[in-house]
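The values are calculated or read from the model by the stated rules, or taken from the named source; none is laboratory data. Every value quoted in this text rests on a predicted model; they were computed, and no experiment measured them. Neighbour counts are summed over all protein chains in view; Cβ atoms, including those assigned to glycine, are modelled from backbone coordinates with ideal geometry. All accessible areas refer to the heavy atoms of the entire protein, side chains included, with ligands and DNA or RNA removed. Shrake-Rupley method; radii C 1.70, N 1.55, O 1.52, S 1.80 Å.
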Amino acid sequence: MSQPSSAPVEGIEATPAQLRRWSRRAFSAWAAAGLAGFGAWRWLRTRAAVDGLPWPLRAAHRWNERVFGAGFSTSRLAPEYPRERAGEPKPNGRYGRPAAGSAIGPIQAEQPGEPLRVLSAAEIVAGLPRVEITTELKCVEGWSQIVTWGGVSFADFARKLGTNAERHPYVSLETADGTYFVGFDMPSALHLQTLLCDSMNGEPLSLNHGGPLRLISTVKYGIKNIKWLGRIRFVDERPSDFWAEQGYDWYAGL
Ligand SMILES: Nc1nc2c(c(=O)[nH]1)N[C@H]1C(S)=C(S)[C@@H](COP(=O)(O)O)O[C@H]1N2
Ligand SMILES: [Mo]
């Protein structure tokens, strides 16, 4: 049953002729947007790549970094929870895990122009105030877990080196075998809740969770919370980062 062409379509205050005109106009607008979109897409595709991404996308990442960096304060704290709410996180990510039973070596601390320091986990935390926080570990895979972490503040460790290590703009943290590595901007590394952590839920940090020493930071996703620390380097160039090399955001900030 066809409607007379001048009658309004039920429920819509317009005649079929008007509707046709509108849809023609909508179509042209859509086509124009589509063409512009295609042009923009081709333009984007042909821009020179910076770190493997066309530069406008890389610039967007940088912009994120700057915007979040601007509102960033080393003392703006993530929420802490009652200790009773803490549980064991799912052991996640095994890159750089030492073989069970293998001897775990000391940790190397490096910075430009200074002699290499080789320190056991115990020596790293020695003499520094103990810190315990019950905070939420957030994995980019979508799960999170409240955990009680114990250790020392990364900032205290950097100052303990006594060489102005904290004046370098970045820190590179790596497993001993170099298979997992993360880059930190210095403000995040010096955040009050960025810890060199040797205990979890009141127990010595187990091998599964990165023992003897891992990094914990409430200002970063789990990917940056490197386990089985083997090397800490204070550096002047933005360090490479395992997941950033796979296309994740280098900053990975929370
Ligand atoms: N060396 C190393 N550290 C790592 C990973 C890894 O694969 N290797 N995975 C990361 C990821 S993705 C998460 S979510 C957390 C998980 O910590 P957990 O195993 O203690 O739960 O560790 C991070 N640290
Ligand atoms: Mo993760």
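Things to note:
- Segment 118-168: number of residues that are in contact (Cβ under 8 Å) with a residue 40 or more places away in the chain and within 16 Å of ligand 1 (Cβ to nearest atom): 19
- Qualifying position, being within 16 Å of ligand 1 (Cβ to nearest atom) and open to solvent by 60 Å² or more (accessible area, probe 1.4 Å), among 115, 98, 91, 79: 91
- Within segment 101-112, considering residues that are open to solvent by 50 Å² or more (accessible area, probe 1.4 Å) and more than 15 Å from ligand 1 (Cβ to nearest atom), the one nearest to residue 178 (Cα to Cα): 108
- Scanning segment 222-246 for residues that are more than 16 Å from ligand 2 (Cβ to nearest atom), closer than 19 Å to residue 186 by Cβ and open to solvent by less than 30 Å² (accessible area, probe 1.4 Å) yields a count of 5.
- The number of residues in segment 163-221 being among the hydroxyl-bearing types (Ser, Thr, Tyr), open to solvent by 20 Å² or more (accessible area, probe 1.4 Å), away from ligand 2 (no atom under 16 Å from the Cβ) and under 15 Å from the mean Cα position of the chain (by Cα) comes to 1.
- Any chance residue 196 is within 16 Å of ligand 1 (Cβ to nearest atom) and modelled with pLDDT under 95: no
- Residue-level analysis places residue 123 outside the set of residues that are part of a strand (DSSP E or B), open to solvent by 80 Å² or more (accessible area, probe 1.4 Å) and more than 24 Å from residue 251 (Cβ to Cβ).
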